[in-house]
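Take a look at the structure below.
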Amino acid sequence: MKLKSTISLVLFIVFFSLTSHSQAPLIDCDCERLEETEENDAKVIELAEYIQSSFYELESRGFDEKFDIDAFKCHIAEYQEIDLNDDFTKGFMQGVSNTGSTLSKSIINTIETGAYYNLVNYKYNVEEMTYYFTFRLYSEATGVNYHDYKVCTDGETLKFSDIYIYLTAEHFSSTLRRIFLLAQPKDENSRTIDNSVFNMLEARKFATQGKFEEAYNRLSEIKGPMAKEKFTLLTKASYASSFNDELYEEALKEFSELYPNDPTLYLKQVDYNILKGDFKTARQNVDKLIYETNDDFLNLLKGNIYVLEGDYINAEKHYKYMTSNYIDLIEGYIGYMVSLNFQNRFEEVLEVVKHLIAQEYDKDALLEFIEEKEPDGSNALEGFVNSEVYKNWKRNS
């Protein structure tokens, strides 16, 4: 479950905020938590579905309209070290003002490139006395991520004021607050940015150029408490995953040792478990995540893990569940075909192919995909492609 898209977006917003010098007015923090009632349950669902409908139309309107940017700034400024009257603070907050439109455009761009962004559920966090609703972000390239939207009200309208991002293991405001405190001048005559922030921004520059080893090395120069922060460790893991699996494994191991009770550790640990070949623990972590999110979509991940284990019977069960419950998700059908292929059940693989064509998938593109080899020369459907079942059908169809 790679982190690059999330990390890149966060660093872009950080860079924009730190380079903004215009002054912003004092912010209005009037966005209150809601009491848990059936009436408020319905209102939260309505808010979440309104935002989802907007994304389905590839529009940012719903997100931008319902994001309470002032309340978001208040979350950033929750610590007493932040003086809202300070000129540097005003400039930083002015840069943050564009966070909503930046986030919504990023999500839409991700959807347009083939990702799925779907509303999963809502919940009331009793400890925080706050409603959240959850979106799942999924693509084959980046894996699974979850966004928990924090709900508040201005007395008349429900909005959201923050987003807890699973792959950064914290609220977005917390990430920006930490960066702000590091970048904040040490005295009123200073304008020097902390070396940790400088290294982070330099790392981002290398990463955008595809120089992930240089980006990783630059982050490794960060010392002190910042080196052990969640965001730093996850960013290092993201960069390491692009050039060195051992360093990627080390970064995830360090995170798990420093934050063993992190509620989103299960999501990040799955990659680590798979790299170690510990498929049983990987499945257990997916099960824990299913319990945390109540998201049956994660059966897809369990199917993938069973394939890696060579347990094609259990893989088949999970992929079959996906084809029945997520009928528009091509990855479920592909996994189902792969699991049947390794059981030499070629007639059944062919039935899936026929079904997809009947569902108006382009036949030529589908067959090209089925026959295509990976860069290493392998093909998970090679047995089916070489079977007389497939050859006869293709010849006569």
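Observations on the model:
- Test for Asp162: is it surrounded by fewer than 20 Cβ atoms within 10 Å (Cβ to Cβ), under 19 Å from Asp64 (Cβ atoms) and either at pLDDT 85 or above or under 20 Å from the mean Cα position of the chain (by Cα) (or both): no
- Only one of the numbered conditions (1) under 23 Å from Ser173 (Cβ atoms); (2) assigned to a helix (DSSP H, G or I) is not met by Glu36, and that is (2).
- Between Lys123, Lys211, the distinction of being basic (Lys, Arg), farther than 30 Å from Lys302 by Cβ and modelled with pLDDT of 85 or more belongs to Lys211 only.
- Of the helices (runs of 4 or more DSSP H) lying entirely inside the range 197-309, those containing at least 1 residues that are farther than 27 Å from Glu331 by Cβ are 212-220, 230-240, 245-258.
- Matching entry among Phe67, Phe72 (being within 15 Å of Ser173 (Cβ to Cβ), touching an Asp or Glu at 6+ places or on another chain (Cβ under 7 Å) and not hydroxyl-bearing (Ser, Thr, Tyr)): Phe72
- Only one of the numbered conditions (1) modelled with pLDDT under 95; (2) over 23 Å from Ala141 (Cα atoms) is violated by Ala358, and that is (1).
- Number of positions in the range 150-177 that are small (Gly, Ala, Ser) and part of a strand (DSSP E or B): 1
- Residues of the range 332-362 classified as part of a helix (DSSP H, G or I) and either under 24 Å from Lys302 (Cα atoms) or of a type in the set (Lys, Arg) (or both), total: 20
- Pairing residues of the range 374-397 that are in the same structural domain as Glu309 (by TED's automatic domain parsing) and at pLDDT 95 or above with residues that are in a loop (DSSP other than H, G, I, E, B) and not acidic (Asp, Glu), at Cβ distances under 7 Å and at least 6 apart in sequence or on separate chains, gives Asn379/Lys373; Gly383/Asn344; Val385/Asn379.
- Note on the range 14-56: among residues that are modelled with pLDDT under 95 and among the β-branched types (Val, Ile, Thr), the one that is nearest to Cys152 (Cα to Cα) is Ile27.
- Members of the range 298-347 that are closer than 28 Å to Asp148 by Cβ, hydrophobic (A, V, I, L, M, F, W, C) and either modelled with pLDDT under 95 or surrounded by fewer than 17 Cβ atoms within 10 Å (Cβ to Cβ) (or both): Ile327, Leu329, Ile330
- Screening the candidates Asp87, Asp83 for the property of being out of contact with any helix residue (DSSP H, G or I) (no Cβ under 8 Å at 6 or more places or on another chain), in the same structural domain as Ile163 (by TED's automatic domain parsing), more than 23 Å from Thr130 (Cα to Cα) and not polar (S, T, N, Q) yields one hit, Asp87.
- Unique match (being surrounded by fewer than 16 Cβ atoms within 10 Å (Cβ to Cβ) and either free of Cβ contacts under 8 Å to residues at least 24 places away in the same chain or within 19 Å of the chain's Cα centre (by Cα) (or both)) among Asp287, Asp295: Asp287
The values are calculated or read from the model by the stated rules, or taken from the named source; none is laboratory data. Just so we're clear, the structure is a prediction, and the values are computed from it rather than from any experiment. Glycine gets a Cβ as well: all are built from the backbone with ideal geometry, and neighbour counts include every protein chain shown.
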